[in-house]
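J.: One structure coming up, written as structure tokens, with questions to follow.
The values are calculated or read from the model by the stated rules, or taken from the named source; none is laboratory data. Computed from a predicted structure; not experimentally measured. Here the Cβ positions follow ideal geometry from the backbone for every residue, glycine too, while neighbour counts run over all protein chains shown.
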Amino acid sequence: MVARPFAAPRPRGQTLRRRRPAAAVLAAWGLEAAPLRLLAQRGASLFRVDAPAGRYVLRLYGARSPSTAQIRSELLWLRALGTDAGPTVPEPVATPGGDLVVEARDPAVPEPCRAGLQRWVPCPGEALVSA
């Protein structure tokens with residue numbers, strides 16, 4: 001079986017090919033052994049990350065996504081919102097080196113992927129449901 005080009009209109013196949021760079025980028029946060037579960041594919045691929053230290057959301061951006069500077073700006077904005085007494089927002093998690101955005105490359109994905117990690121915000125009643 002011949003693999004389709006990445007840009008071929010099969011979003012599920014594109015997401016599966018993004019799983020490897022998603023797993024690789026987790027090493028920047030020291031979470032390389034944490035399992036990934038696909039949550040959504042809408043421009044960016046969203047993965048749930050279940051680690052001993054807690055639950056996170058990894059957002060993996062593709063070629064048509066905002067620039068690294070724009071992604072970093074969004075994450076800094078979320079961080080600032082989280083310090084106010086406003087709504088609960090997903091808290092951005094920096095790498096041990098202080099980076100909020102990490103880039104990953106994989107031969108199966110033609111463009112570099114940028115990623116940001118955020119703490120999981122549980123839904124009301126979620127604690128009653130097992131992971």
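J.: So in the stretch 13-34, with the set limited to residues that are exposed (fewer than 13 other Cβ atoms within 10 Å of the Cβ) and over 17 Å from residue 106 (Cα atoms), which one is modelled with the lowest pLDDT?
T.: Taking the candidates together, the pick is 33.
J.: Checking the condition within 19 Å of residue 123 (Cβ to Cβ) and at pLDDT below 90, which residue from 87, 66 passes?
T.: One residue alone meets the criteria, 87.
J.: Would you be able to say whether some residue in the stretch 42-61 is out of contact with any Leu (no Cβ under 8 Å at 6 or more places or on another chain), in a loop (DSSP other than H, G, I, E, B), in contact (Cβ under 8 Å) with a residue 24 or more places away in the chain and under 15 Å from residue 104 (Cα atoms)?
T.: No, that holds for no residue.
J.: Right, another one. If we keep just the residues of the stretch 75-110 that are in a helix (DSSP H, G or I), without any contact (Cβ under 8 Å) to a residue 40 or more places away in the chain and surrounded by 13 or more Cβ atoms within 10 Å (Cβ to Cβ), which is nearest to the chain's Cα centre (by Cα)?
T.: 79
J.: Next question, about the same structure. Could you grab me the full set of residues in the stretch 45-74 that are among the hydrophobic types (A, V, I, L, M, F, W, C) and within 15 Å of the chain's Cα centre (by Cα)?
T.: First pass over the stretch 45-74, keeping only residues among the hydrophobic types (A, V, I, L, M, F, W, C): 46-47, 49, 51, 53, 57-58, 60, 63, 69, 71.
Selection gives 46, 47, 49, 51, 57, 58, 60, 63, 71.
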